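A quick write-up on the structure given underneath.
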Amino acid sequence: MNFFCAALFAITLPEAPGKATTEKLCSACHGVNTFVNRRETKEAWTELVEDMLRRGLEGDDAEISEITNYLATNLSKDAPSPRVNVNQTNARDLATGLGITENKARLIVKHRETNGNFKTIDDLLKVPGINMRAVESKRAQIDF
């Protein structure tokens, strides 16, 4: 089973060299939300990719090196967190991207479907049941 995925949701991998290879080789499994918010050292990413190779990830040495370098550069502990478009993202990916429960994310999606797209953070905070502190803490990552 592969660890990475090319199925791009509104939560996306950062644009950088190696993105296409990461998506191409890792497309048979689960969504990008599984690892896009993960932050690891190069050593930790290397170990993870090696584990995925043992589980069936296929690629030549250059591709595996490209994936590892991409992850270590763009999803390192020092890299900025990815952006979340609250007007395009499904509930599962909203939950992951905003660090909220799927139930809360479903409230956001339902509100969006009923009332139209969000234009500002204040619109998002009008969703009944949403924790203002949780949303405010992710403000810099939220796109409309």
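Select from the range 39-61 the residues that are of a type in the set (Gly, Ala, Ser) and closer than 19 Å to Cys29 by Cα and write down the one among them that is surrounded by the fewest Cβ atoms within 10 Å (Cβ to Cβ). Give the steps one after another, and end with the answer.
Taking the range 39-61 first, the residues of a type in the set (Gly, Ala, Ser) are 44, 56, 59.
So of that shortlist, the ones also closer than 19 Å to Cys29 by Cα come out as 56, 59.
Working: Gly56: 11, Gly59: 19.
Across the range 39-61, the extreme among qualifying residues is Gly56.
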Quiz item: Since Leu13 meets every condition but one in (1) out of contact with any Lys or Arg (no Cβ under 9 Å at 6 or more places or on another chain); (2) modelled with pLDDT under 80, which condition does it not meet?
Solution: (1)
Quiz item: Among (1) under 25 Å from Glu40 (Cα atoms); (2) in contact with a helix residue (DSSP H, G or I) (Cβ under 6 Å, 6 or more places away or on another chain); (3) at pLDDT 90 or above, where does Asn69 come up short?
Solution: (2)
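The values are calculated or read from the model by the stated rules, or taken from the named source; none is laboratory data. Because the structure is predicted, anything quoted here is derived from the model rather than measured. Virtual Cβ from ideal backbone geometry, glycine too; neighbours counted across all protein chains shown.
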